[in-house]
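Have a look at the structure below, then the notes.
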Amino acid sequence: MSDLMRLTGLSSGMDTESIVSALVSAKKTKVDEAKQAQTKLEWTQDAWKDMNSKIYGLYSGKLSSMRFSNTYNKKTTKTSNSALSVVSGEGAVNGAYTAKIKSLAKAGYLTGAEISTQSGGKVTGDTKLTDLGIEAGSTIGIQYKGKTTQIEIGADMTMNQLVSKLQAVGINANFDEGNQRLFVSAKETGVANDFLFAGGGANETDALNKLGLTAKAGATRIKGSDAELELNGATFKSSTNTFTINGSTYTVNAVVDEEISITTENDTSGIYDMIKNFFSEYNEVMNSMLSAYNADSAKGYEPLTDEQKEAMTEKQIEDWEEKIKNSLLRKDSTLSGVMTAMRSALNEGIEIDGKTYYLSDFGIGAGNYFEVEEDERYAIHIDGNADDAYSAGKTDKLKAAIASDPEMVTKFFTALSAKLYDNMTEKMASSDYSSMYKVYNDKKMKTDYDKYTKEIKNLEKKLSEAEDRYYKKFTAMEKAMAQLNSGANAISSLFTTN
């Protein structure tokens with residue numbers, strides 16, 4: 001709106017603002033309508049972004065992985081003794097094996113002997129090492145991971161400073177004032193990660209003795225050792241208590257005398273859960289789409305203008321806008337196309353070794369049209385699924401199929417998943433109107449939104465210009481009337497008598 005000075009009704013007494021507002025109401029309506037259309041488009045963009053995120057999440061996640069047969073190569077391994085636990089890998093072969101745990105991996109540990117100062121006093125972290133009788137200039141060496149580190153004991157070095165230098169080497173070290181002992185240990189298990197006090201210089205042995213770190217002084221030493229596992233007669237070693245053998249992970253927990261039996265077989269529960277979890281997510285996505293498609297109509301509802309909002313409470317505004325937002329994808333042809341593409345892929349038959357199978361052969365399919373909720377009519381149910389009230393009481397054909405012929409089940413679901421993936425890929429292909437991995441016309445919506453921005457700016461300019469024209473006319477009229485009134489008053493004064 002122009003900054004033009006407006007004289008409103010000073011001489012005429014007319015409500016100029018109301019008159020001008022009425023005169024430009026048609027142009028104001030055009031501005032409001034354009035803003036409402038842009039707002040509605042923005043809400044539609046948001047609704048599609050949210051929906052597309054759900055669709056793409058299914059597409060790029062569970063569905064994508066289910067196209068590959070190795071996803072179904074799930075194995076489970078059981079052992080006869082909890083001293084050994086096994087997590088099956090992709091390379092695991094079905095069968096029975098034997099194992100024997102020969103040793104566990106240990107970290108090197110040194111418990112120092114009790115020490116004291118030369119005078120028999122208590123040692124603290126602040127005690128100088130020379131007070132223990134260690135000559136200044138003495139050097140001790142630590143061999144750790146193929147490297148020898150020299151620590152020189154200075155005249156003012158304290159016990160805390162020695163501990164810090166030991167820790168800097170990469171091992172654990174602590175002085176226990178209560179027990180007057182040094183404790184030193186490796187941070188990791190295994191022979192390769194052990195440490196040794198050796199390779200020092202002058203007076204090393206004397207210094208180590210007075211620190212209580214030698215056998216002569218009474219220190220207790222546990223050497224670092226590797227774990228050893230015998231599997232089917234072959235011996236394996238590890239610096240930790242975990243072994244990775246042929247893709248599977250073996251963890252030894254204790255040394256036992258007995259031979260341990262290991263049994264590896266197909267994990268039917270794992271395959272079943274994978275398929276079940278996929279359809280659970282599929283249903284969430286499909287139900288969301290169907291709910292949006294079947295939403296109640298918001299005919300007669302448009303985004304509110306600023307003037308309309310001023311006359312309503314916040315709750316009324318929220319309810320009004322929610323009504324519109326919930327209906328934005330109602331009966332949307334694009335949404336319908338996506339649902340159709342997904343459903344058609346699941347309805348197709350898959351030929352395996354000359355025989356055609358359908359989801360129904362595995363007890364899988366949509367529920368009875370009249371028995372399920374409207375927004376769940378496209379959901380997929382698995383007979384016997386304990387988590388699905390609709391189909392829990394039915395015979396579980398899927399579990400039986402997995403147990404009897406996991407290879408056939410794998411072939412069926414990899415092929416079915418590939419068809420569904422291809423159908424969704426086609427719907428997500430880029431075009432002049434949409435970007436890659438978008439099922440809706442995001443490019444066109446962005447272009448339309450920008451057009452509204454320009455249109456609104458143009459309409460607001462025309463509105464402002466029209467208002468200025470009318471106000472100029474009324475201002476001129478007010479000035480003319482003021483001059484007329486002034487002349488009339490002057491004439492009237494000539495006839496006024498005292």
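For this structure, a couple of remarks:
- Residue count, the range 175-216 (criterion: within 23 Å of Gly120 (Cβ to Cβ) and in contact with an Asp or Glu (Cβ under 9 Å, 6 or more places away or on another chain)): 9
- Candidates Thr214, Thr244, filtered to the one that is assigned to a strand (DSSP E or B) and not small (Gly, Ala, Ser): Thr244
- Verdict on Thr425 being open to solvent by less than 30 Å² (accessible area, probe 1.4 Å) and in a helix (DSSP H, G or I): no
- The residue pairs whose first member lies in the range 413-425 and is more than 18 Å from Ser360 (Cβ to Cβ) and touching a residue at least 12 places away in the same chain (Cβ under 8 Å), whose second member is buried (at least 16 other Cβ atoms within 10 Å of the Cβ) and of a type outside the set (Gly, Ala, Ser), and whose beta carbons are closer than 6 Å, counting only pairs six or more residues apart or on different chains, are Thr414/Arg67; Ala418/Arg67; Tyr421/Leu63; Tyr421/Arg67; Met424/Tyr59.
- All told, Asn266 falls short of being under 28 Å from Ser65 (Cα atoms), in contact with an Asp or Glu (Cβ under 6 Å, 6 or more places away or on another chain) and open to solvent by 20 Å² or more (accessible area, probe 1.4 Å).
- Matching residues in the range 218-241 - criterion: being open to solvent by 40 Å² or more (accessible area, probe 1.4 Å), at pLDDT 95 or above and over 23 Å from Ala96 (Cβ atoms): Thr220, Arg221, Ile222, Lys223, Asp226, Lys237, Ser239, Thr240, Asn241
- Options Lys473, Lys454: the member that is open to solvent by 70 Å² or more (accessible area, probe 1.4 Å) and at pLDDT below 90: Lys473
- Single residue of the range 242-257 satisfying the filter (modelled with pLDDT under 95 and open to solvent by 60 Å² or more (accessible area, probe 1.4 Å)) that is nearest to Gly91 (Cα to Cα): Asn246
- Filter pass, Tyr437 being touching a residue at least 12 places away in the same chain (Cβ under 8 Å), open to solvent by 50 Å² or more (accessible area, probe 1.4 Å) and part of a loop (DSSP other than H, G, I, E, B): yes
- Any hit, the range 86-105, residues being at pLDDT 95 or above, open to solvent by less than 30 Å² (accessible area, probe 1.4 Å) and in a loop (DSSP other than H, G, I, E, B): yes
- Among residues of the range 179-208 that are on the phi < 0 side of the Ramachandran plot, those with a beta-carbon under 6 Å from a residue that is assigned to a loop (DSSP other than H, G, I, E, B) and charged (D, E, K, R) at least six positions away or on a different chain give the pairs Arg181/Glu114; Ala186/Asp194; Val191/Asp226.
- Pairing residues of the range 350-365 that are over 29 Å from Tyr390 (Cα atoms) with residues that are open to solvent by 60 Å² or more (accessible area, probe 1.4 Å) and modelled with pLDDT of 95 or more, at Cβ distances under 9 Å and at least 6 apart in sequence or on separate chains, gives Ile352/Lys411; Asp353/Lys411.
- Given (1) in contact with a helix residue (DSSP H, G or I) (Cβ under 9 Å, 6 or more places away or on another chain); (2) within 30 Å of Leu84 (Cβ to Cβ), number of the condition Gly133 does not satisfy: (2)
- Within the range 282-294, being in a helix (DSSP H, G or I) and surrounded by fewer than 15 Cβ atoms within 10 Å (Cβ to Cβ) holds for one residue alone: Glu284.
- Test: Glu265 is touching a Gly at 6+ places or on another chain (Cβ under 9 Å), in contact (Cβ under 8 Å) with a residue 40 or more places away in the chain and part of a helix (DSSP H, G or I): no
- Screening the candidates Glu188, Glu228 for the property of being in contact with a Lys or Arg (Cβ under 6 Å, 6 or more places away or on another chain), under 30 Å from Glu258 (Cβ atoms) and acidic (Asp, Glu) yields one hit, Glu228.
- Top-ranked residue in the range 247-262 [being farther than 30 Å from Ala401 by Cα and in a loop (DSSP other than H, G, I, E, B); ranked as nearest to the chain's Cα centre (by Cα)]: Asn253
- Selection within the range 72-85 - surrounded by 15 or more Cβ atoms within 10 Å (Cβ to Cβ) and in a strand (DSSP E or B): Lys75, Thr76, Thr77, Thr79, Leu84, Ser85
The values are calculated or read from the model by the stated rules, or taken from the named source; none is laboratory data. No experiment lies behind these values; they were computed from the predicted model shown. For neighbour counting, all protein chains shown are included, and Cβ atoms are generated from backbone atoms with ideal geometry for every residue, glycine included. Areas reflect the complete protein model, heavy atoms only, side chains present, ligands, DNA and RNA absent. Shrake-Rupley method; radii C 1.70, N 1.55, O 1.52, S 1.80 Å.
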